[in-house]
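A.B. asks: The structure that follows is given in the form of structure tokens.
The values are calculated or read from the model by the stated rules, or taken from the named source; none is laboratory data. Since this is a predicted model, take the numbers as computed values, not measurements. Cβ coordinates were reconstructed from backbone atoms using ideal geometry, including for glycine residues, and neighbour counts include every protein chain displayed.
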């Protein structure tokens, strides 16, 4: 849902969710909030396009994961941090496919450069790398090795 040309589009997903309300407003903290009691996503105005894209995907992740923002347990702060990490991980998976990640990592190991190329924030890229499954790690590693072998072969033939 919400992909365009292989790239996830959280704005398209937002438009498809008729009952969901989106508003820009000043917030006391953070870039965006999911308010489940009112089925609303609030976003701070003035964010750059990449920040808006990632913030919206993150808040859609809260919604998709069923986060309520309510916790009556003694470890509420730990659970809140876990919900934030889970929403980041959900957004990162949607925003960065393994294929896109491999395509970027074959030519750069600079995470800021990779994030820019993938059109995500550094935090979302870091979360994607942190939560990759073993199979995904192997796919990325193999793509990088194939590219390195291909480049070494071209260099040996004098094609640089």
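A.B. asks: Does residue 109 count as on the phi < 0 side of the Ramachandran plot, exposed (fewer than 12 other Cβ atoms within 10 Å of the Cβ) and modelled with pLDDT under 95?
C.D. replies: Values: on the phi < 0 side of the Ramachandran plot: yes; exposed (fewer than 12 other Cβ atoms within 10 Å of the Cβ): yes; modelled with pLDDT under 95: yes.
The answer is yes for residue 109.
A.B. asks: Given the criterion out of contact with any strand residue (DSSP E or B) (no Cβ under 8 Å at 6 or more places or on another chain), modelled with pLDDT of 95 or more and surrounded by 11 or more Cβ atoms within 10 Å (Cβ to Cβ), identify the matching residue among 145, 127, 137.
C.D. replies: Details: 145 fails: modelled with pLDDT of 95 or more; 137 fails: modelled with pLDDT of 95 or more.
Going through 145, 127, 137 in turn, the sole match is 127.
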